[in-house]
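*Asks:* I have a structure here, written as structure tokens, and I will follow up with some questions on it.
Laboratory data are not the source of any read-out in this text; all were calculated from the coordinates shown. Remember, predicted model here, so these are calculated numbers, not experimental data. Note that each Cβ is placed from the backbone with ideal geometry, even for glycine, and that neighbours are counted across all protein chains shown.
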Amino acid sequence: MQRFAPFVHLYLQRENRPMTLQSIIEGLQRGDSEARRELYQHYSTAMFSLVRRYVQERAAAEDVFHDAFVTLFTKVGDYRGEGSFEGWMRRIFVTTALNHLRRDSSHDYVDNDIGDLPPGKAGSAPPEALEQLSNQELLQAMEQLPEGYRTVVNLHAVEGYSHAEIAKMLAIEESTSRSQYLRAKARLAKILERYKLH
């Protein structure tokens, strides 16, 4: 028995290693609870941050976050390895957040309070201003945007969706998405002026 001790030690070391993404995906598709734990441990912080960019109220964001994980675990069998798993997962979280906003929405995407922000002359913050912001400051600046603006900025600038895709996702005109984005950039520029970064 003594002569097998080094091999037992190697086996235990191997078992305690973190799972690869591929082994997590395969485990999820088998319904393995360890794979669920690994995925949650690895991605929960990033996915909760993603949800909070869309849903400001923390309790509601926690509900959306939970619902998105349930959806992911339920639909993981649909993932066929086409495109990145992380991209597929992010889409579930974004879609769940958008569904929440549609159900519990008092906003629309037509802005009547444009003040001095005409869509053709929308400003934007210089890149160095954004680089000087911490993640927390950038999040705070984004939280000051109206919900419609914030949603379009998140979808276009952060998630990389085109205005045509955003229009379909939000059931709005493509021109409305573009207009909301330009106005959001102008509003962000004004918010950043308050941080004295211009």
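*Asks:* For residue 63 and residue 99, calculate 0.36 nm times their separation in residues minus their Cα-Cα distance, and state this gained length in nm to one decimal.
*Replies:* Numbers: separation 36, 0.36 × 36 = 12.96 nm, distance 1.21 nm.
Taking residue 63 through residue 99 to full extension adds about 11.8 nm, to one decimal.
*Asks:* Along the Cα-to-C-beta direction of residue 21, a point sits 7 Å from the Cα; which residues of the stretch 60-103 have their amide N less than 18 Å from that point?
*Replies:* Once the point is set 7 Å along Cα→Cβ of residue 21, 72-73, 76-94 turn out to lie under 18 Å by backbone N, inside the stretch 60-103.
*Asks:* Let me ask you something else. For the stretch 57-89, list residues with backbone N below 17 Å from a point placed 7 Å from the Cα of residue 33 toward its Cβ?
*Replies:* 70, 73-74
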